[in-house]
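Report on the following structure.
The values are calculated or read from the model by the stated rules, or taken from the named source; none is laboratory data. Note that the structure is a prediction, hence the values are computed from the model and not measured. When we count neighbours, we look across all protein chains shown, and the Cβ atoms used for this are built from the backbone with ideal geometry, even at glycine. Side chains are part of the model used for accessible areas, which takes the heavy atoms of the whole protein and leaves out ligands, DNA and RNA. Shrake-Rupley method; radii C 1.70, N 1.55, O 1.52, S 1.80 Å.
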Amino acid sequence: DTGVSQDPRHKITKRGQNVTFRCDPISEHNRLYWYRQTLGQGPEFLTYFQNEAQLEKSRLLSDRFSAERPKGSFSTLEIQRTEQGDSAMYLCASSLALGNQETQYFGPGTRLLVL
Amino acid sequence: GQSLEQPSEVTAVEGAIVQINCTYQTSGFYGLSWYQQHDGGAPTFLSYNALDGLEETGRFSSFLSRSDSYGYLLLQELQMKDSASYFCASLTGGGNKLTFGTGTQLKVEL
């Protein structure tokens, strides 16, 4: 399978703990995105990378959130001092940027539950 | 800000045709995408319209009118497996950021 993969698929943690999620994009894709989705809502943009550069961050991404893509391949999203409001599905997507038209392909997501 | 409005729920019978509408208010608009999401699954790309008009991909078609800030997804010959949530999403910010609507839950009945 050469699609976007995410690990872990599910994470349960206690409030105040740190968690880290990993995303492996489709291999030739140069852009990588993180989104958050809560029940009954559409995905919300968090941040994106072009190669290893983080080019945009949403105001939803508080100081407790940090994302990296050190070698322009896989990416990690870390949440420090988790809060119950962080419980959501965290989706990763990747795309190959060609001009101003691109298709973002989503991974299966990491479902986070903060107790 | 950016906002996209869709009906929250649509019900149709197997074999029928259904249209899911999407109106948007966005700045820096590049185009409109449609995604399908089954319960517990990832959003799956269906179609993208950058220009006005109709794009057809098998049983699915998507339409865009930039002057009306309006688009729709048309699903023909509905099958039970089409029961899912459907999201319109505007592509903005240099053509790289997706802003999603709240989604339309489609229920296909026998």
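What the phi angles of the range B:99-110 give under the Karplus curve with 6.51, -1.76 and 1.60, with θ = phi - 60°, is a coupling list of 10, 9, x, 7, x, 10, 8, 9, 10, 9, 10, 6 Hz, glycine and proline written as x.
With all pairs of different C-alpha atoms in the average, the Kirkwood value for the hydrodynamic radius of the protein assembly as shown is 18.0 Å. When a/c reaches 1.5 or more, the comparison of a/b and b/c decides; with that in mind, is the range A:17-71 rounded, prolate or oblate per its Cα gyration tensor? Note, shape of the range A:17-71 comes out prolate.
Taking amide H as placed 1.01 Å from N in the peptide plane, the amide H of B:Thr44 sits under 5 Å from that of B:Gln36, B:Gln37, each at least 5 places away or on another chain. Could you work out what % of the accessible surface of chain A is carbon and sulfur, using a 1.4 angstrom probe and leaving DNA, RNA and ligands out of the count? Answer for chain A: carbon and sulfur cover 44 percent of the accessible area.
If you take all other residues with their beta carbon under 11 Å from the beta carbon of A:Ser75, and give Lys and Arg +1 and Asp and Glu -1, the sum is 0. Partner shielding of B:41-53 amounts to 3, given as the average count of beta-carbon atoms from other chains within 10 Å of each residue beta-carbon.
Let me make sure I get this right: for the range B:47-88, a, b and c are the square roots of the gyration tensor eigenvalues over alpha carbons, sorted descending. Under 1.5 in a/c it's rounded, otherwise prolate if a/b > b/c, else oblate. Which is it? Verdict is prolate for the range B:47-88.
Farthest towards the positive end of the charge dipole of chain B, among the residues B:Leu32, B:Val18, B:Ser65, is the Cα of B:Leu32, using unit charges on the Cβ of Lys, Arg, Asp and Glu.
Reported to the nearest whole Å, the Cα centre-to-centre distance from the range B:40-54 to the range A:25-51 is 16. Among B:79-90, A:57-68, B:21-32, the peptide with the highest mean count of other Cβ atoms within 10 Å heads the list, and the full ranking is B:79-90, B:21-32, A:57-68. The slack between B:Glu9 and B:Leu74, meaning 0.36 nm per residue of separation minus the straight C-alpha distance, is 21.9 nm. Rolling a 1.4 Å probe over the heavy atoms of the protein chains gives the range B:1-109 an accessible area of 44 Å² per residue.
Could you tell me which of A:Gly85, A:Gly107, A:Val4 has its Cα farthest along the dipole of chain A towards the positive end, charges placed at Cβ (Lys, Arg +1; Asp, Glu -1), taken about the Cα centre? Towards the positive end, the residue furthest out is A:Gly85.
Each residue, A:Phe74 and A:Lys57, gets one label point 7 Å from its Cα in the Cβ direction; the gap between the two is 2.3 nm.
Can you bin every Cα-Cα distance in the range B:9-103 into 10 Å intervals starting at zero and give me the percent of pairs per bin, rounded to whole numbers? Pairs per bin, as whole percents: 16, 51, 28, 5.
Here the contact order of chain A, divided by its residue count and restricted to Cα pairs under 8 Å and six or more residues apart, works out to 36 percent.
Only Lys, Arg, Asp and Glu carry charge here, each on its Cβ (+1 for the first two, -1 for the last two); on that basis the protein assembly as shown has a dipole of about 860 debye about its Cα centre.
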